[in-house]
Amino acid sequence: MARPRIRGKGRGRKGRSPQDRMRKAFARRQRARRWLTWRYVLAAVLLVGAVGFGVYAVYFSAWLRADGVQVVGNAQLSEKQVLATADVPLGGPLATVDLHAIELRLKALATVKSVDVSRTWPHDVRIEIVERTPVAILDRGDRLTNLDASGVAFGTLDKAPAGLPRVKVGPGATGDALAEGAAVVVALDPGVTELVEYVEVRTVDEIDLHLRDGRLVRWGSAEQSEDKAAVLLELLNVEAEIYDVSVPGAPTTR
């Protein structure tokens, strides 16, 4: 009769010795650590490869090179003038185009009030211009230029366009004369603006309005121009040759 087999104490899962179980657990932890290490290495390699590919694509490949320029917002300046001044380098990586340098070159144009230069991926540089708006014509005697609301002269004109008064500056006026003259023009009611032939700025405290029909308005300085403009609008209903609104609270005529 065959004897039944008897398993020893150290054999089988339940019968393993504590030392065997510790060795097995240690081996499993070692394998887990090695796999975790390789995962980190693999992730690092993939990250370095992705960064390297991105650097190549942006800075060295032809995929993202600067090929064109978009110009928007220009009305007084031609696109040819803008492009010539901007001098955008084409053919190289779009990422290396110096946008700030382009902005500085364009801001040197008196007609440009503000400018924003940006990248339009994948191939273009975008130039968005805000031009100055003329409120008057600066008459220097030998040439005509536009004058904006802040007193900046810009552009050159062959003749004065209709609808804008002229501003003439006397030899005794300071550097603020253009700003003072522009402030007066901006304050005028549109109906009064149509009557003005030119604004004469002899000094910053002596500003006169010469009307198209020969009448004269003594304005004084540019201070309280809004009050003076409101008083003048009513005062012009009175027949006179000279209107003095230099003190808006006590206007006079004669």
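Tabulated values for the structure
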quantity: Dipole magnitude of segment 82-200 about its Cα centre (Cβ charges: Lys, Arg +1; Asp, Glu -1), debye to nearest 20; calculated: 260 debye
quantity: Cα shape, segment 108-232, gyration tensor, a/c 1.5 rule; calculated: prolate
quantity: Rounded tilt (10° steps) of 18-59 against the dominant C-alpha axis of the chain; calculated: 30 degrees
quantity: Rounded FRET efficiency, nearest 0.05, which uses the C-beta distance separating Lys159 from Ile242 and R0 of 35 Å; calculated: 0.75
quantity: Acute angle (nearest 10 degrees) that the helix 225-235 long axis makes with the longest principal axis of the chain, alpha-carbon atoms; calculated: 40 degrees
quantity: Long-range HN-HN contacts of Val204 with modeled amide H, under 5 Å; calculated: Thr174
quantity: Asp87-Asp189 pseudo-label distance in nm [points 7 Å out on the Cα-to-Cβ vector]; calculated: 5.1 nm
quantity: Accessible area (Å², per residue) of the chain, counting only protein heavy atoms and a probe of 1.4 Å; calculated: 64 Å²
quantity: Most mobile listed residue (Ala43, Ala187, Ala86) in the chain, GNM with C-alpha springs under 10 Å; calculated: Ala43
quantity: Percent accessible area from carbon and sulfur atoms, segment 151-254, protein chains only, probe 1.4 Å; calculated: 49 percent
quantity: Shape of segment 159-254, Cα gyration tensor, a/c cut at 1.5; calculated: oblate
quantity: Spin-label model distance (nm) - Ser118 vs Leu216, 7 Å beyond Cα toward Cβ; calculated: 5.4 nm
quantity: Point-charge dipole on Cβ atoms (K/R +1, D/E -1) for segment 168-226, about Cα centre, debye to 20; calculated: 200 debye
quantity: Tilt relative to the chain, helix 177-187 - C-alpha long axis, 0 to 90 degrees, to 10; calculated: 90 degrees
quantity: Cα gyration tensor, the chain - rounded (a/c under 1.5), prolate or oblate; calculated: prolate
quantity: Alpha-carbon spread of segment 212-254, three principal axes, descending order, Å; calculated: 25, 15, 15
quantity: Among Ile137, Ile127, Ile242: highest mean-square fluctuation, GNM of the chain, C-alpha pairs under 10 Å; calculated: Ile242
quantity: Non-local Lys pairs in the chain, i.e. 8 or more apart or on different chains, that have alpha carbons under 20 Å apart; calculated: 6
quantity: Protection proxy ranking of 18-24, 154-160, 164-170 - average other beta-carbon atoms within 10 Å, highest first; calculated: 164-170, 154-160, 18-24
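The values are calculated or read from the model by the stated rules, or taken from the named source; none is laboratory data. Since the structure is predicted, the reported quantities are computational estimates derived from the model, not experimental observations. Using ideal geometry, Cβ is built from the backbone for each residue, glycine included, and neighbour counts are taken over all protein chains shown. When the accessible area is computed, the model is the full protein with side chains, heavy atoms only, and any ligands, DNA or RNA have been set aside. Shrake-Rupley method; radii C 1.70, N 1.55, O 1.52, S 1.80 Å.
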